[in-house]
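Asker: Please find one structure pasted underneath; my questions will follow.
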Amino acid sequence: MHPTCQTWRAALEDHETLASAYTPGLTVSGDITVRRTRRLPIKGQVLVNTGDRVNPETPVARALLPGILQTLKLAEKLGIEPKDVPGMFMLKIGDPIEKGQIVAETKGFLGKFKTKIEAETTGTVEAISEVTGNILVREPSIPIEINAYIQGQIADILPEEGAIVESRCALVQGIFGVGGERTGVIRIAVKSVDEVLEASHIQASDAGKILVGGAGISGEALQKAAQLGVNGLIAGGIKDSDLIKFLGYDIGVAITGTENITVSMMVTEGFGYLAMAGRTFELLKSLEGKVASINGATQIRAGVIRPEIIVPLPEDAAKSQIAEEAFELKIGTAIRVIREPYFGRLGAVTELPAQLMVVDSGTEVRVLKAKLDKGEEVTVPRANVEIMSSR
C-alpha cells in the first residue's frame, strides 16, 4: 500500500471519534432525517426563507468576493514626481475604469510627442497615492453562490451567512472519498457485492449519473467515468495506486473534496478491493433510478466529515415503522472493527462482558465479543469498533 494511503488507514484506525464505542459510526439508513448547513465563506445575502422547499441546485445564499487589487505605476510610466500624479490622472477615487481606457496624458512638445497611458485592468479606482505615484484599481467583485445540495426544506436561517437544509432521506456514508458535491440518477452497474466496477460496465448513457459498483473501482473505470461525464462512483474499495494515478498526486491526511476532478467517488469499506456490505448494496439497489446527492469530502482528524450519498424520500412516504435507533452497544448491534487484526471487518455484538480485560499494552479495557462476517467469534476492545446504523 502506498505510504499516503497507509497514513490514511492509520488515521482511520486511531481517530478517537471513530474509535468511540458510544458514538455513531457509518450510517446506512433507508429512512433518516438529516440537516446540512450551507454557509458562505464571507457575509452576504440569504436567498431563502424558513420553510421553503428546495432542490439540490436551489441557490440559498449569495455574496460578492472583493476583486483583486491591481497597481498602475503612473508616476513611473509618465516620468513625473509622485506628487504630480493626481493632476495628471483623469479619474477620481470611486470612478469605474476600463482596460485600455486612456487615463493620463502628457502635454508633449508643441502639442506633439504626447505620452498616453492606458488602464491595464477593468475595475474601480480605489486609491491615488501622492507618495508612491501609484493608482490602485480594484477588479470587479467575484460573485459566489451556494446551493441547497440536497432536496428538502429550509429548517433555519443563518443571517447574512446561509441556511440549514433538512431532508428526510435514505443515507449511505462511506469510509473515504474524493470529489465535491454533485447530483445524479443512481444506476447499479454490477450484479453483486464482490464484482469490481470495470470500464466495460460504463456506458455512454451514464453521463451525469451515479454508478454503484461492488468490491471496487478499477483505474480504467475511473478514467472512463471522468471522460464520459459520470458524476459519481460508489464501491466497497479502491486501490491506492489507481486513485493516485487518477488524481495525479498523493492525498495527505486532511480534508478531501476540493480535488479538481469531474467525478466524485466514495468507498464504503476501505482501500483495496473489498466487497461492499450486503445491506448497503441492497439499499442502493432499492434506490436505483432515483436522483441522489453525493459528496466525497472526507476528514478524519479534527471534526469528522464522512463522504455520503443522500436520496430524498417522497413527501408522502409512509413513516418508518422502525423506531429511532439509540447508538449504544447492545447484543445484536451491527459494528465495524477499526483496528487490526480485524480492521474493516463487519459483525454483530454477541456478548458485553462487565469485567475489564488486560490487553497487550498492559492496560485494562472494556471489551466485547462479536461474530464477524465470516463466522468467527472474536473478542476486541470496545474502543476498537464503531457502531453502524441498521435502520
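The values are calculated or read from the model by the stated rules, or taken from the named source; none is laboratory data. What you see is a predicted model, and the numbers here were worked out from it, not measured in a lab. Note that we place each Cβ from the backbone using ideal geometry, even for glycine, and neighbour counts take in every protein chain shown. All accessible areas refer to the heavy atoms of the entire protein, side chains included, with ligands and DNA or RNA removed. Shrake-Rupley method; radii C 1.70, N 1.55, O 1.52, S 1.80 Å.
Asker: Output the residues belonging to the range 288-307 that are open to solvent by less than 10 Å² (accessible area, probe 1.4 Å) and in contact with a strand residue (DSSP E or B) (Cβ under 6 Å, 6 or more places away or on another chain).
Answerer: Scanning the range 288-307 gives Ala292, Ser293, Ile294, Gly296, Thr298, Pro307.
Asker: I'm trying to understand the selection: among the residues of the range 197-211, which are over 18 Å from the mean Cα position of the chain (by Cα) and crowded, with 20+ Cβ neighbours inside 10 Å?
Answerer: Leu197, His201, Ile202, Asp206
Asker: Here's another thing I want to ask about it. What's the total number of residues in the range 355-391 that are part of a loop (DSSP other than H, G, I, E, B), modelled with pLDDT under 80 and open to solvent by less than 80 Å² (accessible area, probe 1.4 Å)?
Answerer: The qualifying residues number 5.
To keep it simple, each residue is scored yes or no on (1) modelled with pLDDT under 90; (2) under 25 Å from the mean Cα position of the chain (by Cα).
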{"residue": "Leu287", "(1), (2)": "no, yes"}
{"residue": "Ile294", "(1), (2)": "no, yes"}
{"residue": "Ile300", "(1), (2)": "yes, yes"}
{"residue": "Glu308", "(1), (2)": "no, yes"}
{"residue": "Val311", "(1), (2)": "no, yes"}
{"residue": "Lys319", "(1), (2)": "yes, no"}
{"residue": "Arg336", "(1), (2)": "yes, yes"}
{"residue": "Glu340", "(1), (2)": "yes, no"}
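Asker: Among the listed residues Thr122, Thr132, which satisfies the condition of being over 30 Å from Ala235 (Cβ atoms) and in contact with an Asp or Glu (Cβ under 8 Å, 6 or more places away or on another chain)?
Answerer: Checking each option against the conditions leaves just Thr122.
Asker: OK, next. Check Thr27, Thr4, Thr58 and return the single one that is open to solvent by less than 40 Å² (accessible area, probe 1.4 Å), of a type in the set (Val, Ile, Thr) and modelled with pLDDT under 55.
Answerer: None of the others qualify; the one that does is Thr4.
Asker: Condition first: touching a helix residue (DSSP H, G or I) at 6+ places or on another chain (Cβ under 7 Å) and either within 16 Å of Val137 (Cα to Cα) or open to solvent by 60 Å² or more (accessible area, probe 1.4 Å) (or both). Now tell me which residues in the range 62-80 satisfy that.
Answerer: Across the range 62-80, the qualifying residues are Leu74, Ala75.
Asker: Okay, moving on. State whether the residues of the range 123-145 include one that is closer than 30 Å to Thr33 by Cα and either open to solvent by 30 Å² or more (accessible area, probe 1.4 Å) or polar (S, T, N, Q) (or both).
Answerer: Scanning the range 123-145, I find at least one residue that is closer than 30 Å to Thr33 by Cα and either open to solvent by 30 Å² or more (accessible area, probe 1.4 Å) or polar (S, T, N, Q) (or both), so the answer is yes.
Asker: Scanning for something in contact (Cβ under 8 Å) with a residue 40 or more places away in the chain and crowded, with 18+ Cβ neighbours inside 10 Å, does the range 81-92 turn up at least one residue?
Answerer: Yes, some residue in the range 81-92 is in contact (Cβ under 8 Å) with a residue 40 or more places away in the chain and crowded, with 18+ Cβ neighbours inside 10 Å.
Asker: Here's a follow-up. Somewhere in the range 231-240, is a residue touching a Pro at 6+ places or on another chain (Cβ under 6 Å) and either at pLDDT 95 or above or open to solvent by 40 Å² or more (accessible area, probe 1.4 Å) (or both)?
Answerer: No; the residues of the range 231-240 include none that is touching a Pro at 6+ places or on another chain (Cβ under 6 Å) and either at pLDDT 95 or above or open to solvent by 40 Å² or more (accessible area, probe 1.4 Å) (or both).
Asker: Right, another one. Is there any pair with a first residue in the range 350-361 that is farther than 18 Å from Glu377 by Cα and a second that is aliphatic (A, V, I, L, M) and open to solvent by less than 90 Å² (accessible area, probe 1.4 Å) whose Cβ atoms are under 9 Å apart and which are 6 or more apart or on different chains, and what are they?
Answerer: Within 9 Å, the pairs are Gln355/Val367; Leu356/Val365; Leu356/Val367; Val358/Val365.
Asker: While we're here: Determine which single condition Ala19 fails, assuming it passes every other condition in (1) open to solvent by 30 Å² or more (accessible area, probe 1.4 Å); (2) at pLDDT below 95; (3) not basic (Lys, Arg).
Answerer: (1)
Asker: Determine which member of the set Gly174, Gly179, Gly214, Gly219 is crowded, with 21+ Cβ neighbours inside 10 Å, touching an Asp or Glu at 6+ places or on another chain (Cβ under 8 Å) and over 15 Å from Gly296 (Cβ atoms).
Answerer: Gly214
Asker: Taking Ile157, is it at pLDDT 95 or above, open to solvent by less than 70 Å² (accessible area, probe 1.4 Å) and not in a helix (DSSP H, G or I)?
Answerer: yes
Asker: Return the pair list, or none, for Cβ contacts closer than 9 Å from residues in the range 41-52 that are under 23 Å from Leu65 (Cα atoms) to residues that are of a type in the set (Lys, Arg), at least 6 apart or on different chains.
Answerer: Correct list of pairs: Gly44/Arg62; Gln45/Arg62; Val46/Arg62; Leu47/Arg62.
Asker: Could you pull out the residue among Ala204, Ala215 that is modelled with pLDDT of 95 or more and more than 17 Å from Ala292 (Cα to Cα)?
Answerer: After ruling out the rest, the residue left standing is Ala204.
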